[in-house]
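J.: The structure's right below; bear with me while I get my questions together.
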Amino acid sequence: MSLTVPAIEAELAYRACERITRSEAANFYYGIRLLPRAKREAMSAVYAFARRVDDIGDAGLLSQNEQLRRLAGERALLARIAREGAVQDEDPVAVALAHAWRRYELPLDALELLVDGVELDVRAARFQTFDEVAGYCRAVAGSIGRLCLTIFCGGRWNEPAQAAELADALGVAMQLTNILRDVREDHERGRCYMPGEDLERFGCQNFPDCASGSAAQLIAFEAERAEAWFHRGSACWSSSTPAARRVCWP
C-alpha cells in the first residue's frame, strides 16, 4: 500500500527535524544550509532519526530491556515505511523520513544497520578481530555515509558506480577516529571497541589501564589503520556536488 502525505504535513515534519538538528548538532545544521532546500530537509530527517536511535543507546537511565524494546520500535518504523511508502503519524521524524525515502529512494538497509550497530552498543559487545570492528563501524557510521551520499547525488539512481562503497569506507574511517578519541569515556561506560587481537598483540588487555608505552604503540597502530581508511574513502567526494563537498570537507 502506498500512501501520500499532504505537502503541509511533510513541511511541518521537516521543520521539526530541522529544529532537532539545530538543537543537537548546530555545526552540522549550519553546514547543511549550503545544500538546496530539498536535500537539506532530507539530511535533517536522517539526522533526527539517527539522533533518536543513538539517544536510545546512550540512555543510561533506561534498562537494557527497555533500550532493546525501543530499538525494536525503530525497526518496526522502517518496516512500515518500506511497506506503506509513506507515514501519516503524529511523529514528525517518521513522516519526514518516509517522505525523504520516497524522494531520494534512501537505502533503508543502511538505516536498519544503524539500529543494529546501536544494539551492539546496548549489549556492550566486544570484538575479537578488526573485521568485527569494521562491521560495527559500517553499521553506525558507514550507513550514514551511504545515506548522505544518496541525498548529495540527488537520489540513489544518480549514484556513480562504487560510490556507496567509498562512502562506507569513509564512515569506517570516521568511526575508527571516534573510537580512538573516546577510549577513556567508553571504558568508563563498560565498552571497548579495540580488537581483542590487537590488545593482546600490544599487551594491552586491560586497555586503557595499561603501560603508557604499550598504549601509545596500540593507538599509533590503530591511527594508521584509520588513516588508510580515510585514504580509501576520500575518492567518494568526486561523486558529490560542489555544495555537498563544502558541507563535509571544507
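FYI, it's all coordinate maths here, none of it is from the lab. Note that the structure is predicted; figures quoted are calculated from it, not measured. So basically every Cβ, Gly included, is an ideal-geometry build from the backbone, and we count neighbours across all protein chains shown.
J.: Go ahead and run the numbers for FRET between Asp209 and Ala26, Cβ-Cβ distance against an R0 of 45 Å, rounding to 0.05.
T.: On the way: r = 35 Å, r/R0 = 0.77.
It comes out at approximately 0.80.
J.: Can you give the angle from 0 to 90° between the axis of helix 108-122 and the longest principal axis of the chain, with both taken from C-alpha atoms, to the nearest 10?
T.: Once rounded, the angle reads 40 degrees.
J.: For the chain, take the longest principal axis of its alpha carbons; what is the angle in degrees between that and the long axis of helix 37-58, to the nearest 10 within 0 to 90?
T.: Approximately 50 degrees, to the nearest ten.
J.: Something else: Give me Rg/Rg_expected for segment 1-106, where Rg uses Cα atoms only and Rg_expected = 2.2 N^0.38 Å with N residues.
T.: Values: Rg = 14.0 Å, N = 106, 2.2 N^0.38 = 12.9 Å.
Rg over 2.2 N^0.38 Å, computed on Cα atoms: 1.08.
J.: Calculate how steeply helix 92-104 sits against the longest principal axis of the alpha-carbon atoms of the chain, using the helix alpha-carbon long axis, and give the answer as 0 to 90 degrees to the nearest 10.
T.: 80 degrees
J.: Work out the FRET efficiency for His187 and Arg15 from their Cβ-Cβ distance, taking R0 = 41 Å, and round it to the nearest 0.05.
T.: 0.55
J.: What residue among Thr150, Thr129, Thr177 has the largest mean-square fluctuation in a Gaussian network model of the chain, using Cα springs under 10 Å?
T.: Its mean-square fluctuation being the largest, the pick is Thr129.
J.: Please identify every one of the trypsin sites (Lys or Arg not before Pro) in segment 176-236 that sits in a loop by DSSP and has no more than 13 other beta carbons within 10 Å of its own beta carbon.
T.: Arg189
J.: For segment 35-58, list residues with backbone N below 11 Å from a point placed 7 Å from the Cα of Asn158 toward its Cβ?
T.: 36, 38-39
J.: Which residues make up the longest stretch of the chain clear of GluC sites (Glu not before Pro) that lie in a DSSP loop with no more than 15 other Cβ atoms within 10 Å, not counting the sites? Walk me through the intermediate numbers first.
T.: On the way: sites that count: Glu90, Glu105.
Free of exposed loop sites, the longest segment is 106-250.
J.: Grab the beta carbon distance between Gln88 and Asp131, set R0 = 51 Å, and tell me the FRET efficiency rounded to 0.05. If you can, show how the numbers build up before the last one.
T.: Details: r = 42 Å, r/R0 = 0.82.
Taking R0 as 51 Å, the efficiency between Gln88 and Asp131 is 0.75.
J.: When N is the residue count of the chain, what does its C-alpha Rg come to as a fraction of 2.2 N^0.38 Å? Each step should come with its number before you reach the end.
T.: Numbers: Rg = 18.8 Å, N = 250, 2.2 N^0.38 = 17.9 Å.
Dividing the Cα radius of gyration by 2.2 N^0.38 Å gives 1.05.
J.: Another question, if that's okay. Using Cα springs under 10 Å in a Gaussian network model of the chain, which residue among Leu111, Leu62, Leu120 shows the largest mean-square fluctuation?
T.: Leu62
J.: Right, another one. Separation between the His231 and Gln64 pseudo-spin-labels, each 7 Å from Cα along Cα→Cβ, expressed in nm?
T.: 4.0 nm
J.: Right, here's the next one. Considering only C-alpha atoms, what is the centroid distance from segment 97-131 to segment 187-209, in Å?
T.: Comparing the Cα centres of segment 97-131 and segment 187-209, I get a distance of 24 Å.
J.: For segment 1-141, what does the relative contact order come out to in percent, with C-alpha contacts under 8 Å and a separation of six or more? Write out the running numbers ahead of the final one.
T.: Numbers: 143 pairs, mean separation 42.2, N = 141.
Relative CO of segment 1-141 lands at 30 percent.
J.: With no solvent and one equal point scatterer placed on each C-alpha of segment 124-250, evaluate the Debye formula and give log10 I(q)/I(0) for q = 0.13, 0.15, 0.17 Å⁻¹, two decimals.
T.: Scattering profile of segment 124-250, log10 relative to I(0): -0.57, -0.71, -0.84.
J.: Still on this structure, I have one more. Which value at 222 nm does the chain reach when only helices count, each DSSP H run of 4 or more adding -39,500 (n - 2.57), with the total divided by all residues and rounded to the nearest 500 deg cm²/dmol?
T.: Working: 13 runs with 174 residues, N = 250.
Per the formula, -22000 deg cm²/dmol.
J.: Also, I was wondering about something else. Quick one: net charge around Glu105, please, counting Lys, Arg +1 and Asp, Glu -1 for every other residue with C-beta under 11 Å from its C-beta. Walk me through the intermediate numbers first.
T.: Working: positive: Arg102, Arg103, Arg156; negative: Glu159.
Charge balance in the 11 Å sphere: +2.
J.: Still on this structure, I have one more. Given a 10 angstrom Cα cut-off, can you work out which residue in Cys17, Cys137, Cys192 is the most mobile in a GNM of the chain?
T.: Per the Cα network of the chain with a 10 Å cutoff, Cys192 tops the list.
J.: Placing +1 at every Lys and Arg Cβ and -1 at every Asp and Glu Cβ, with all other atoms neutral, what dipole size does segment 124-250 have around its Cα centre, in debye to the nearest 20?
T.: Working: 13 positive and 16 negative charges, 108 e Å.
The dipole of segment 124-250 has a size of about 520 debye.
J.: Please compute the length gained on full extension between Arg123 and Asp109, using 0.36 nm multiplied by the number of residues separating them and subtracting their Cα-Cα distance. Write down the numbers at each step before the final one.
T.: Values: separation 14, 0.36 × 14 = 5.04 nm, distance 2.09 nm.
Once the chain is fully extended between Arg123 and Asp109, it gains 2.9 nm.
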